[in-house]
Amino acid sequence: WEHVGSTDAGESPVRPEYDKWRALMLEATSQKKKWKSRPCVHDRHLRFSACEDLSRTLLGEAKYHEPDNRVAFGLSESSAKSQFVDWGDLKWAPEGYMALKAAVAKMFESEVASLCSTENGSRDLLGVKLRLGWEKWGRSGLRHCVYPAEGTCSSHTDYGVVTLQLSNGPGLEVFAHGSWQVLEEPPEGGALLFAGDMLERLTNGQIKALPHRVHVQKESMEASDGGRGTRQSHIIFLQPDSDTWVAPLKPYLLNNGNDLAPIRYGDWHQMKVRLAFDGW
Ligand SMILES: O=C(O)CCC(=O)C(=O)O
Ligand SMILES: [Fe+2]
């Protein structure tokens, strides 16, 4: 676990606005008229969904669509950045996202800088864009989830490069060293950073995207959210621009015909989203 500051080291640790998100969840589910009358909701800049099925991103579209038992808010980079969105009294949502995303991008870029120093070729390649400081991480986004007791999120890997996860209660399980493991909760102000599909591609399969899932035990709910019966998680997905091509970085290439093929991030993203939401 590492502490994450929203800007430079030394600042106070980030804590998601759990109370505000919880109030918003109650509005979206029981004051639907008020929720839908918000311009940012009407124009789909702040989304609310209850029908995602992440298991289909692993098992494919033949699987019967059975949504996970949770609700989630979604906010994309382009909406958070746009000058033209009327957020009303919800400005804290895009502002919180932008600060945290900037911190994750900075952390990731400094970690991989030395691995990208010899990247050359097309200026659409992630390695080249990172070397030149040109990657904007334009498909990044925020997901804020609220789980009931016995809430679930089925097993999957995240689409992007890395994911930063903060939560206010236990329930996250990861597949590591050949078995599912229940993660210890981070200390106050701590967060979890893990690999997604694009880090697996950048490293030519050496760093595997982390399979993970959520199962909220009934008993653990007393501890979460001050005993109010919801587990919340706050997740930043660091995802490249749509037109960025992701290929193994030079230090990971084998040049024996087994190197992973480059893919355009927008195509990958579209494919995973379609599987998770198709028909709903
Ligand atoms: O709620 C969590 O802790 C994880 C959720 C998750 O993995 C996701 O939404 O991609
Ligand atoms: Fe995930």
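The values are calculated or read from the model by the stated rules, or taken from the named source; none is laboratory data. Everything quoted here is computed from the prediction, not taken from an experiment. Because the Cβ atoms are built from the backbone with ideal geometry, glycine has one as well, and the counts that use them run over all protein chains shown. Just the protein is used for accessible areas: all its heavy atoms, side chains included, with ligands, DNA and RNA removed. Shrake-Rupley method; radii C 1.70, N 1.55, O 1.52, S 1.80 Å.
I'm checking my understanding of the structure. Among residues of region 32-57 that are closer than 20 Å to Lys20 by Cβ and of a type in the set (Ser, Thr, Tyr), which one is farthest from ligand 2 (Cβ to nearest atom)? Of everything passing the filter in region 32-57, Ser37 is farthest from ligand 2 (Cβ to nearest atom). Restricting attention to region 157-190, the residues that are of a type outside the set (A, V, I, L, M) and assigned to a strand (DSSP E or B) add up to 9.
Of all positions in region 217-226, at least one carries a residue that is surrounded by 20 or more Cβ atoms within 10 Å (Cβ to Cβ) and not in a loop (DSSP other than H, G, I, E, B).
Among residues of region 134-182 being away from ligand 2 (no atom under 13 Å from the Cβ), of a type outside the set (Ser, Thr, Tyr) and without any contact (Cβ under 8 Å) to a residue 40 or more places away in the chain, the one that is least open to solvent (accessible area, probe 1.4 Å) is Ala176. Check region 2-11 and report whether any residue there is under 28 Å from Ser155 (Cα atoms) and either within 13 Å of ligand 1 (Cβ to nearest atom) or modelled with pLDDT of 75 or more (or both). Looking for residues that are under 28 Å from Ser155 (Cα atoms) and either within 13 Å of ligand 1 (Cβ to nearest atom) or modelled with pLDDT of 75 or more (or both), one finds none in region 2-11, hence no. Per the conditions (1) surrounded by 14 or more Cβ atoms within 10 Å (Cβ to Cβ); (2) modelled with pLDDT under 95, the sole criterion not satisfied by Glu61 is (1). In region 78-127, the qualifying residues are those that are buried (at least 18 other Cβ atoms within 10 Å of the Cβ) and hydroxyl-bearing (Ser, Thr, Tyr), and the one that is farthest from Leu238 (Cα to Cα) is Ser79.
Among the residues of this structure, Leu75 counts as one that is within 16 Å of ligand 1 (Cβ to nearest atom), in contact with a Phe, Trp or Tyr (Cβ under 7 Å, 6 or more places away or on another chain), aliphatic (A, V, I, L, M) and closer than 28 Å to Trp134 by Cβ. The set of residues from region 148-157 being touching a strand residue (DSSP E or B) at 6+ places or on another chain (Cβ under 6 Å) and either under 18 Å from Gly205 (Cβ atoms) or near ligand 1 (Cβ under 9 Å from one of its atoms) (or both) comprises just one member, Cys153. The residue list Leu254, Leu260 contains one member that is in contact with a Lys or Arg (Cβ under 6 Å, 6 or more places away or on another chain), open to solvent by 20 Å² or more (accessible area, probe 1.4 Å), farther than 20 Å from Met107 by Cβ and not in a strand (DSSP E or B), which is Leu260. Report whether or not Pro240 is part of a helix (DSSP H, G or I) and under 15 Å from Leu202 (Cβ atoms). Taking the combined requirement at face value, the residue does not satisfy it. Thr244 meets each of the listed conditions (1) more than 22 Å from Arg70 (Cβ to Cβ); (2) β-branched (Val, Ile, Thr); (3) open to solvent by 40 Å² or more (accessible area, probe 1.4 Å); (4) in contact with a Gly (Cβ under 9 Å, 6 or more places away or on another chain) apart from (3).
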